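Input: a single structure, listed below in structure tokens.
The values are calculated or read from the model by the stated rules, or taken from the named source; none is laboratory data. All values reported here derive from a predicted model rather than from experimental measurement. Glycine gets a Cβ as well: all are built from the backbone with ideal geometry, and neighbour counts include every protein chain shown.
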Amino acid sequence: MKIDPAEALALYRRLRSEDRLEPDAANRLAIEAAGRVIRDYIEDSIYSRDAVTLLCELSSHPDQRIARAGLTGIFPSLVERLNDSFDPAACRVYDSVFSQVIDFYRRHPDGTQLDNALDAFGIADQAAMLDRKARIGLPRPARDFASVRKVMLLSRVTIGADVMINGTLIAKMRQLRPDVEFVLLGSTKLSELYGGDNRIRVREIAYERGGTVLSRLLSWLDVIAAVSQETENLRPEEYLLIDPDSRLTQLGLLPLLHDERSYLYFESRSWPGTGSLGLLASEWLGSLTGRTDQAFPLIALPENYLAFGKQVSDVIRRNGTVRIVTISLGVGGNESKRISDEFEENLVDSQSNNGGLILDKGATPAERNQIDRLVMRLRASGKAVLELNEENLDETMQLEGISADVVTWDGGIGRFAGLIAASDQYIGYDSAGQHIAAALGTPCRTIFVSTNSDKFAERWRPYGRGKIEVKSIK
């Protein structure tokens, strides 16, 4: 049912005032509001402010069942669809839409901290936010970075994106300044992937990807404080702050520096050219540094994780196995990235019959259950399966003479990366594992289930020096 956004907003307010708003009705209103903005974008129309206001009011409702409808309407249904198109026009629609969301929440009774912080940066309203966003997106000439001592990089909030994009930016900057200190502002999980390099430091910034709209916006305050401390006693020419379309600034909309000469913004969604985001990141930073030679993503695993991978691979090779494949069927909770149980069963059967196998148990109960079902099939076929996790790891690996045809891993990203490093090939859906494998140089086969544009698959193609194969399935 299509309804005019102004009428939908009026209906929502009437139902709320009469205490008659049900979650099902809220879901329908949110879906229609998000769909209206997408239709306006497709038809090259001015987006409906009333539709965005409706989503904001839904997402801030005290009943969490209703608020969840608005949250889903803002992020998966609207923001992610706009950004996954990799269309410059969609970037401008996003800027308008999300700056309105920020403006709504700064004026919310619980948004005082957000409002005060924006005022401190001279951002009085939505128009001022958009003016600044337009300025930071202007082309910049190549500059001299000879005085730079510290480079801060904002996390993309997902591990795979950080490895491919920020890993490439670190490698690219090292071509110019090999002695510079890097500070990754993001999840402590990044320490498991970069803790092997003493010139890369991870500073924790918590960002709740499943949190409320306001909680996501308020994480920006922690970034402001971190950047202020990191730049204390440094002149602007002595540091850089790189924002690779980070959720920490809501894709460049929220400022972090009063003097933005040292702030470099990479709007990855609109950068021209072909290829993956890693390649585009290399080209973008090359345009600012004057260095056109290609850079590949850097990853620096701590020695103990590399040793763990080697130890597990030795357990498998004791049976005479020559080739080991690591498989991850994790999709981060996004079931649309999966193909089918039958496909996964056939994949695991074929690989286990041709060599050793390492299976990652994933991050969700559904993913773990799927691996458990596959393990039952493998054991029924006569395969020796060793199940490892963070709790039983030390005791199990000390057992004398253990061997296995298949090893499962249920644990942290660092040891998972160590297993990939010790493998002869990595196979998985579009997820963090493919980007880790590409950065490590482990031959990689990615299975892309194409639910978005062809540009989406092109941009998220793994990027690295090793052999990379992408199988796209419509």
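Observations
- A count restricted to region 2-54 and to residues that are in a helix (DSSP H, G or I), free of Cβ contacts under 8 Å to residues at least 12 places away in the same chain and hydroxyl-bearing (Ser, Thr, Tyr) stands at 1.
- Pair list, Cβ < 8 Å and 6+ apart or interchain, from region 221-245 residues that are among the aromatic types (Phe, Trp, Tyr) to residues that are part of a helix (DSSP H, G or I) and buried (at least 16 other Cβ atoms within 10 Å of the Cβ): Tyr239/Glu230; Tyr239/Ser262
- Per-region count, region 156-172, residues outside any helix (DSSP H, G or I) and either touching a Ser or Thr at 6+ places or on another chain (Cβ under 8 Å) or crowded, with 24+ Cβ neighbours inside 10 Å (or both): 2
- Restricting region 150-182 to residues that are over 17 Å from Arg291 (Cα atoms) and among the basic types (Lys, Arg), the residue that is nearest to the chain's Cα centre (by Cα): Arg156
- Residue check, Ser228 assigned to a helix (DSSP H, G or I) and closer than 13 Å to Leu185 by Cβ: yes
- Pairs, first more than 22 Å from Phe308 (Cβ to Cβ) and of a type in the set (Asp, Glu) in region 175-197, second modelled with pLDDT of 95 or more and in a loop (DSSP other than H, G, I, E, B), C-beta under 9 Å, six or more apart: Asp179/Arg149; Asp179/Arg199; Glu181/Arg149; Glu181/Arg199
- Qualifying residue in region 276-292 (condition: of a type in the set (Val, Ile, Thr) and in contact with a strand residue (DSSP E or B) (Cβ under 8 Å, 6 or more places away or on another chain)): no
- Considering region 231-250, the residues that are among the acidic types (Asp, Glu) and more than 26 Å from the chain's Cα centre (by Cα) include one that is nearest to Leu217 (Cα to Cα), namely Glu232.
- Subset of region 14-54 (residues that are under 21 Å from Val97 (Cβ atoms) and surrounded by fewer than 14 Cβ atoms within 10 Å (Cβ to Cβ)): Ile42, Glu43, Asp44, Ser45, Ile46
- Take the conditions (1) within 30 Å of Asp197 (Cβ to Cβ); (2) in the same structural domain as Ala404 (by TED's automatic domain parsing); (3) touching a residue at least 60 places away in the same chain (Cβ under 8 Å); Gly355 misses just one of them, which is (1).
- Taking the numbered list (1) within 19 Å of the chain's Cα centre (by Cα); (2) surrounded by fewer than 18 Cβ atoms within 10 Å (Cβ to Cβ); (3) in contact (Cβ under 8 Å) with a residue 40 or more places away in the chain in turn, Glu303 passes all entries but (1).
- If you go through region 142-155 and pick out every residue that is part of a loop (DSSP other than H, G, I, E, B), over 26 Å from Glu208 (Cβ atoms) and either touching a residue at least 60 places away in the same chain (Cβ under 8 Å) or touching a Cys at 6+ places or on another chain (Cβ under 8 Å) (or both), you end up with 6.
- Qualifying residue in region 307-326 (condition: under 24 Å from the mean Cα position of the chain (by Cα), of a type outside the set (Lys, Arg), assigned by TED's automatic domain parsing to the domain that holds Ala384 and buried (at least 16 other Cβ atoms within 10 Å of the Cβ)): yes
- Of the residues making up region 370-387, one or more are closer than 24 Å to Lys189 by Cα and without any contact (Cβ under 8 Å) to a residue 60 or more places away in the chain.
- Filter result for Glu181 (closer than 30 Å to Ala421 by Cα, surrounded by fewer than 17 Cβ atoms within 10 Å (Cβ to Cβ), in contact with a Lys or Arg (Cβ under 6 Å, 6 or more places away or on another chain) and modelled with pLDDT of 95 or more): yes
- Taking the listed residues Glu208, Glu204, the one that is of a type in the set (Asp, Glu), under 14 Å from the mean Cα position of the chain (by Cα) and either surrounded by fewer than 17 Cβ atoms within 10 Å (Cβ to Cβ) or at pLDDT 95 or above (or both) is Glu208, with no other qualifying.
- Number of the condition not met by Ser85 [criteria: (1) over 26 Å from Leu257 (Cβ atoms); (2) at pLDDT 95 or above; (3) among the hydroxyl-bearing types (Ser, Thr, Tyr)]: (2)
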